[in-house]
Each structure stands twice: as structure tokens, then as C-alpha cells.
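The values are calculated or read from the model by the stated rules, or taken from the named source; none is laboratory data. Not measured: the values here are computed from a predicted model. Reconstructed Cβ throughout: ideal geometry from the backbone, glycine too, with neighbour counts over all protein chains shown. Protein only, heavy atoms only, side chains kept; ligands, DNA and RNA dropped before computing areas. Shrake-Rupley method; radii C 1.70, N 1.55, O 1.52, S 1.80 Å.
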Amino acid sequence: MKNVFRYLFLVSITLAIFSCGNSDDDVRFDINNSELGLGEEPDDCLGFGENELLLSIQDEYTTLPGKVSILFKVSDLLGNPISGLTADEFTIYEQGRNDDCFNLISPSESQARISPNTQIFNNNTILVLDLSNSVLASSLTELKSASTSFINNVMPSPETTSFKMAIYWFDGEDELHLLNPLTSSTAELTAAVDGITADISNDPSTDLYGAVIKSTKIAEDLLRANSNAIGASSVVLFTDGTDQASRYKESDALKAVNEASRNISYFTIGLGAEIDTEVLSEIGKTASVFAANKEELELTFNEISERVSEQANSFYLFEYCTPKRDGSGVSNLVIRLSHGGLKGAVQTKFDAKGFEGGCL
């Protein structure tokens, strides 16, 4: 797309400067490998110019008597998710069979709104904790406090079945241990963390690469289980060291990450001087943070919790009532967003077959 090349140099500079983290590329959330998802660039007749914000369409459908619904993800050109948008920041343009270009649809006619997307979108977070001997012996208290803070920050209140979290842990065994299954209950998750004891592990080694491979499979399975909805997953992995078990190769772990579904985001949190920041940054391709000591651990967990929440909250179900009626055929639609001085737009189309007055 024309925006990508314009900002390629900027992206490379940004990643070089901020070696502690790297932004998620919006394309990872697209259905058809395009930065605008199911959409396309708006027609030149509108004169909008290049996008400064990206609206990546994930799903679209119509509902009688005349409602158009579009599910999309919003990010800036560096892939940073944009959350907290409201309906009045969007403008709607339609082009019917008799229109040379697009016509602005008035807000009073459109009744545009941001609707709850819980019926068509599910978001799952997989928290993966290193409970090898070094953690249990020296920083378990801090890890439990940081994990509890992470859970409270990420899980929505009130609870919703469309947003769930599971907690796993690893040591040197060839197993990703389940601490708490997928749930929307914050209380259940925090109770599970509180129940971690210093004698939980029987193998003092660290099977880091195995944990990456296994958590990726879990995330993939969750996406497949959401076949009736658009789904996204986040893998958040904490460790205080490098892979010591040597059960799996580094290349296989990185291959699992890089070949994973585009709807899986990866975050890593590293603690102490024994971590390999380069490897963790490659595993945490969405964002990586590093704590120099255990006193900084909760701060780094909170940094990642903000990114995880922003990812989940950057999906919007935008709905409006169209003035098009039965017999008008397929119409082109452009949705334009103005936010924080930046603008972006995406074009798609819908069929007004069966449409009439009224809108539910």
C-alpha cells in the first residue's frame, strides 16, 4: 500500500531507538493480508489524500430494515492500536448508482453509533509465567503482585464473556502447566496467582522455547474454537532468564511466532541481567519490556497491560442507518475517522436489497 513505503524509514528508526519494545504491525489483524482488511483505499474523487490512521475492516454485514454494520480495527501508521473512539469522530459517505462521487450522509439520518461487539468478537489473553527455580527463590512475591496487577488492569469491569484470560506456567519440564483455565472472572484469576507456592515446581530448569511453542498452539486453538466470531489472542510471556532445558531450538520457537495467525499478538516481559533481550524482543514481536530488578517488575507488567488492553479495545462495531432502499443495488461506502488531528478512511460496499424505512 502507498502508506507503507512512505513510513518504512520512520519505522526502522523507531525500532532502532526503542529497543525495549516494538509496535504491533496492523497487518497482523487483517483477514486477507491487506492493511485495510476487507476494505480498500477511498476513491480519489473524495480528495482525502493518504491515510494517517488505518481502519482495517474485519467483518461487515447488513440487517433489515436498513442497518449497515462494520467491524474494524483502528491503528496509526506505526501499528499502534487506537482505543476509546466515539461515533461522532466518524463521517459516512455513500455512492449510489446515480452518483458521480460520494455524498455525505447527515448524522441525523444515519443514527451512527459504536455498538457492543461482544456477539461477533472474542479476545483471549494467555499469561505465561516462568516459575523456574530462580524466580521461585528470589522474586516470587514480586511476580505474584505484578501478575495480580496485570490481571486487574487487563480484565474488563464489569465482566464480559467476550474477554477471557488463562494462566499457564513453565519450568524445565516438557509441559506448559495450567494454573487457571480460560475465564472471564478476575477473582478466579487473581486467586490462582495468590495460590502459587515456592514448591510448585519439580524441575529447576527453564524450557523457554517449549513454552513459546506450546502457548502459540493454545492461542491458535482458541482462534479456531471461535469459528462463529472474529477472534484475537494475546500471548504474554514472563521470564527471568534464557532457555536452559534445550528441549527445543530457538529457531523453532521463533518460527512458531512468525508463522502464527495474524490475529495473535505477542508480548514479553524480561527480568534481570540473565535474559537475552534480543531473543525476547523477537518473541515479543508486538511489544517487549525489561525490568532491571524485581522492584521494577510491577511497573513493566503494567506497561504491557496497557498495550494488551489497547489491542482489545481498538476493535469497533460501527453501525448506521442508510438512506438507500430496495432496488438501489450495491452502493459504495466510505467511513472516515478524524481523531487527535489525524485522519483515515476506508472504502467498502453493501447491497440494499430488501431495505426500507426504519432502522433497528
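Quick notes on this structure:
- Within the shell of other residues whose beta carbon sits under 9 angstrom from the beta carbon of Cys321, the net charge comes to -1, with Lys and Arg scored +1 and Asp and Glu -1.
- Rg(Cα) / (2.2 N^0.38 Å) computed for the chain, rounded to two decimals: 1.09
- Residue of Thr183, Thr206, Thr63 that the Gaussian network model of the chain assigns the largest fluctuation, springs spanning Cα pairs under 10 Å: Thr63
- Three-way shape label, the stretch 137-256, alpha-carbon gyration tensor, a/c 1.5: oblate
- Amide H contacts of Thr125 (H built 1.01 Å from N, under 5 Å, at least 5 apart or other chain): Lys164, Met165, Ala166, Ser234
- Of all DSSP beta bridges confined to the chain, the antiparallel ones make up roughly 60%.
- Most simply put, the stretch 80-187 has about 45% antiparallel DSSP beta bridges, counting only bridges with both residues inside it.
- Amide hydrogen neighbours beyond the local backbone of Leu36, cut-off 5 Å, H modeled: none
- Shape category assigned to the stretch 222-284 from the gyration tensor of Cα positions, a/c cut at 1.5: prolate
- Here the peptides 91-97, 233-239, 316-322 are ranked by packing, the mean other Cβ count within 10 Å, and the order with the highest first is 233-239, 316-322, 91-97.
- Orientation-averaged projection of the stretch 274-360 equals 9.8 nm² [convex hull of Cα atoms, one quarter of hull surface area].
- Each Lys and Arg contributes +1 and each Asp and Glu -1, all at the Cβ; summed about the Cα centre of the chain, the dipole is approximately 1000 debye.
- Annotation: per residue accessible area for the stretch 287-360 equals 40 Å², rounded to a whole number [probe 1.4 Å, protein chains only].
- Computed over protein heavy atoms with a 1.4 Å probe, the carbon and sulfur contribution to the accessible area of the stretch 243-297 reaches 39%.
- Along the stretch 337-342 the Karplus relation, 6.51 cos²θ - 1.76 cosθ + 1.60 evaluated at θ = phi - 60°, assigns HN-Hα couplings of 10, 10, 8, x, x, 10 Hz to successive residues, with x for each Gly and Pro.
- Based on DSSP H segments of at least four residues, each scored -39500 (n - 2.57), the chain has a per-residue ellipticity at 222 nm of -8500 deg cm²/dmol.
- Using bins of 5 Å that start at zero, the share of Cα-Cα pairs per bin across the stretch 37-115 amounts to 3, 11, 19, 26, 25, 11, 4, 1, in whole %.
- Within the chain, the selection of entire DSSP H helices by a Cα span of 15 Å or greater along the long axis and an average Kyte-Doolittle value of at least 0.0 returns 2-17, 140-154, 208-225.
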